[in-house]
Amino acid sequence: MAQRISLTQYLVEQQRAHGHIPQQLRLLIEVVARACKRIAISVNKGALGDVLGTAGSENVQGEVQKKLDIIANEVLIEANEWGGHLAAMGSEEMDSIHVVPNRYPQGEYLLLFDPLDGSSNIDVNVSIGTIFSVLRKVNNQRGISEEDFLQPGKQQAAAGYCIYGPQVTLVLTVGDGVAMFTLDREMGSWVLTEDDIKIPADTKEFAINMSNMRHWAPPVKRYIDECLAGSTGPREKDFNMRWVASMVADVHRILTRGGIFMYPWDAREPNKAGKLRLMYEANPMGFIVEQAGGMVTDGKRRILDIVPTKLHERVAVVLGSKNEVERVTRYHLEAATGD
Ligand code: AHG
Ligand code: MN
Ligand code: MN
């Protein structure tokens, strides 16, 4: 029988070989992974666990909170508070940061998460997930504030997501490639099922919410029009389309077989840069995708270079197979210079 490598063994061996997973970071990753197991159990119970439907409240972004948004948020906070590996946490579902209470030791890391990604898919039993991003606490001079979190995504120490789908899968990067673990439900353990994941540079599959087409900027419309024109158009090949409406699921498919994902700026709310959030959606997914050889921009700039100005900042996102993301980015830059 082939040897099964657990998440713990993987992290210990990575540290031994490369020295980039100090003990606090290992604990952090293991605690987040354990919290994801608990969330997976709740997700799985569905109606039997009374976890479906709305909670009757709104988050800071004016979105209606689902019961599972709140449950997942609480599970992640409770799991991460006491271990001594964190200084503070930020979440889609909390207006401001949650500093580790004084009764616990304060650690060297900051954790950001989207506790439940794809909320509109909860009640319809379609894949959803948890996304997380880990930063180092760089300022040792004083207490923690939101400002400590405002670091560009390229400074992430680790990032990952867990997808609650037909299988429960954890995808992780610590800046040295991307690894995938599958939850063995009987054993309750994470088993390494793929290492060094690479996204093919070319693809014939795109993901975008086509219902917003009339609101898009010209470069996005140009790109999609060319894809839709298929083998008789300028791209000279037919494209396929997928849109799950759970970023985790769309990104997971791209990691598995390539593709391009876009949630661009659109004219519905012109003052918002995009729908997705920079610090706990675009940055962690961006780190993973780049580590898998893909590319991530907001149409013009590399997302991981953006210095955030606030915790819940939004951003346009173009990510996935390198040659396609390059093309979309070129179309934006050409439109800006009038070429
Ligand atoms: P969340 O459930 O955390 O608010 O995120 C949902 C996001 C993302 O997962 C997905 O790609 C996108 O919203 C779907 O948006 P549309 O419903 O506008 O297609
Ligand atoms: Mn989300
Ligand atoms: Mn969410």
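The values are calculated or read from the model by the stated rules, or taken from the named source; none is laboratory data. This one's a predicted model, so the numbers in the text were calculated from it and none came from an experiment. Here Cβ is always computed from backbone atoms with ideal geometry, including for glycine, and neighbour counts include all displayed protein chains. What goes into the accessible areas is simple: the full protein's heavy atoms, side chains included, and nothing from ligands, DNA or RNA. Shrake-Rupley method; radii C 1.70, N 1.55, O 1.52, S 1.80 Å.
Below is a table of values for the structure above.
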{"read-out": "Pairs with Cβ under 8 Å, 6+ apart, first in the stretch 96-113 and open to solvent by 70 Å² or more (accessible area, probe 1.4 Å), second part of a strand (DSSP E or B) and among the aliphatic types (A, V, I, L, M)", "value": "Gln106/Leu86; Gln106/Ala87; Glu108/Ala87"}
{"read-out": "Condition check for Met94: closer than 26 Å to Thr309 by Cα, assigned to a loop (DSSP other than H, G, I, E, B) and at pLDDT 95 or above", "value": "yes"}
{"read-out": "Selected residue [in a helix (DSSP H, G or I) and open to solvent by less than 50 Å² (accessible area, probe 1.4 Å)] from Ala249, Ala201, Ala179, Ala159", "value": "Ala249"}
{"read-out": "Matching residues, the stretch 227-280, being acidic (Asp, Glu) and either farther than 17 Å from Ser119 by Cα or in contact with a helix residue (DSSP H, G or I) (Cβ under 6 Å, 6 or more places away or on another chain) (or both)", "value": "Glu236, Asp238, Asp266, Glu269"}
{"read-out": "Selection from the stretch 132-150 of residues that are open to solvent by less than 10 Å² (accessible area, probe 1.4 Å) and either in a loop (DSSP other than H, G, I, E, B) or closer than 19 Å to His20 by Cα (or both)", "value": "Phe132, Ser133, Val134, Leu135"}
{"read-out": "Tally, over the stretch 282-302, of residues that are surrounded by 18 or more Cβ atoms within 10 Å (Cβ to Cβ) and touching an Asp or Glu at 6+ places or on another chain (Cβ under 9 Å)", "value": "7"}
{"read-out": "Within the stretch 81-97, considering residues that are in contact with a helix residue (DSSP H, G or I) (Cβ under 9 Å, 6 or more places away or on another chain) and more than 16 Å from ligand 3 (Cβ to nearest atom), the one nearest to Val60 (Cα to Cα)", "value": "Ser96"}
{"read-out": "Yes/no for Lys37 being open to solvent by 10 Å² or more (accessible area, probe 1.4 Å), under 21 Å from the mean Cα position of the chain (by Cα), in the same structural domain as Thr169 (by TED's automatic domain parsing) and under 27 Å from Glu13 (Cβ atoms)", "value": "yes"}
{"read-out": "Residue that is under 23 Å from the mean Cα position of the chain (by Cα), part of a helix (DSSP H, G or I) and among the acidic types (Asp, Glu), where the choices are Glu30, Glu13", "value": "Glu30"}
{"read-out": "Unique residue being under 26 Å from Lys322 (Cα atoms), assigned to a strand (DSSP E or B), open to solvent by 40 Å² or more (accessible area, probe 1.4 Å) and not basic (Lys, Arg) when the list is Thr169, Thr193", "value": "Thr193"}
{"read-out": "Verdict on Ser91 being touching a strand residue (DSSP E or B) at 6+ places or on another chain (Cβ under 6 Å), loosely packed, with under 14 Cβ neighbours inside 10 Å and in the same structural domain as Val32 (by TED's automatic domain parsing)", "value": "no"}
{"read-out": "Residue in the stretch 272-281 that is outside any loop (DSSP other than H, G, I, E, B) and open to solvent by 30 Å² or more (accessible area, probe 1.4 Å) present", "value": "no"}
